[in-house]
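Worksheet for the structure shown next.
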Amino acid sequence: MITNSVDAILNRALAGEDISPEEGVILLQQTEPTAVAAIQETADQLRHHQAGDRVTYVINRNINFTNICTQHCSFCAFRRDGGTEGAYWLDWGQILEKTEDAVQRGATEICMQGGLNPEATINGAALPYYLELVKTIKQAFPQLHLHAFSPQEVQFIAEQDGLSYAEVIAELQKAGVGSMPGTAAEVLDDEVRRILCPEKTNTTTWLDIVGTAHRLGMPTTSTMLSGHIETNQQQMGHLAKLRSLQQRTRAQGYSGYITEFILLPFVGQDAPKPLRQRVGRDQPILQDALLLTAVTRIFLGNWISNHQPSWVKLGLAGAKEALRWGCNDIGGTLMEEHITTMAGAQGGTCMEVETLQKAIHSLGRSYQQRDTLYRPILQQVSDTVGAHVCH
């Protein structure tokens, strides 16, 4: 039996109305199979109306340029102290080599993020180092879209150099950064953040930096790390903050805005022990992730129409299933991925284009290569078509 309140919430969503965070909590608390099925069906219908039936993907490469980091987030298996075993820091030559390899394999985007490395400076200043990082790639490959540096990295640069967030973003933009990853958001609730990532940026600062990027015309993405210590209320609070931010951005008419939402279920297998023990499992619970995916579509879809699962965290089968629960995009090829993989994710680090296409096709849906900003890329015959993305 579907309760009247669930039925009413879903009917209002299908009529095009925004549901409230409290109504989102009601949906997330459903366990009865017919209610969960109705939520899934509603999310799928809304996806059809808001984003269409064609599933998109991007050919991109991740470059995590260093894992040396001053912070100690309780979920992170990636970070290292400088000079310790497993610490690394790519030089310009290695970064160019990875970029050239990506271009040869058809990439249109480089996604670049790293640890907060206090040594990453030029003449004692952080911003010149990051600008040089951008220029190294853009001068050699001007056609590439650089999706780079999280709000956390922007705050780090600003604090190191005594600059405003706007000054840092404007300089990165000028150097060639095309968009900002909406990572470091984890859960936008300071109670959760005190346990999960006490040294990290707080909720207000994260929203401020992303809002500043939009004002300056820089698009961003948005994310949520789910399935650890947060409650349904805190999940919906996070989504409400993202929706409000996007509503303000749209009301102001900024050319920068949130282009997509990505749910990142927590992987604890190799995460630091205290949090791993507290959460009590190593891999995400697929059913929880799918229900949250559906509720996210219902709650955010009027304002953020592109929703993407993480095949790295859920595996390809889980990500494919998420396309039936409100997602319209299957993400990128990545080519290499260290942050989640070092936490023990089993989804792999690279995905062949043909593998993504087959997964989409098996659902009876068509596929479309896109760029970072969700503009379709025409399938042109070239040397890169049919080339292997994964080595």
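The values are calculated or read from the model by the stated rules, or taken from the named source; none is laboratory data. Everything numeric here is computed off the predicted structure, so don't read it as measured data. Ideal geometry is used to build each Cβ from the backbone, glycine not excepted, and the neighbour counts take in all protein chains shown. Just so you know, the surface numbers come from the protein's heavy atoms only, side chains and all, with ligands and any DNA or RNA stripped out. Shrake-Rupley method; radii C 1.70, N 1.55, O 1.52, S 1.80 Å.
When only Cα pairs under 8 Å and 6 or more residues apart are kept, what is the percent relative contact order across the range 206-257?
Numbers: 39 pairs, mean separation 30.3, N = 52.
It rounds to 58 percent for the range 206-257.
Accessible area per residue, 1.4 Å probe, Å², for the chain: what's the number?
Numbers: 15790 Å² over 391 residues.
On a per-residue basis, the chain sits at 40 Å².
Annotation for Glu132 and Thr84: the two label points, set 7 Å from Cα along the Cα-Cβ direction, are 2.6 nm apart.
Each of Lys174 and Arg215 was given a label point 7 Å from its Cα along the Cα-to-Cβ line. The distance between the two points is 1.8 nm.
Over the chain, Cα pairs under 8 Å with separation of 6+ residues give a relative contact order of 23 percent.
Got a number for carbon plus sulfur as a percent of the range 86-141's accessible area, 1.4 Å probe? Mind dumping the intermediate values first?
On the way: 1130 of 2350 Å².
Looking at the range 86-141 in its full context, I get 48 percent from C and S.
Here each label is just a point 7 Å from Cα along the line to Cβ, and for Ser164 and Gln247 those points are 2.7 nm apart. Once the Cα atoms are used to define both axes, helix 232-252 deviates from the longest principal axis of the chain by about 70 degrees.
Here the Karplus relation 6.51 cos²θ - 1.76 cosθ + 1.60, evaluated at θ = phi - 60°, turns the backbone of the range 311-318 into coupling constants of 5, 5, 8, 9, x, 5, 4, x Hz, with x for every Gly and Pro.
Take the Cβ-Cβ distance between Thr34 and Ile285 as r, set R0 to 25 Å, and report the resulting FRET efficiency rounded to the nearest 0.05.
On the way: r = 20 Å, r/R0 = 0.81.
Calculated value: 0.80.
Taking each residue as 0.36 nm, the span from Glu354 to His48 lengthens on full extension beyond its C-alpha to C-alpha distance by 107.8 nm.
Taking a straight line from the alpha carbon of Lys174, these lysines sit under 26 Å away, with near neighbours fewer than eight places off in the same chain left out: Lys98, Lys135, Lys138.
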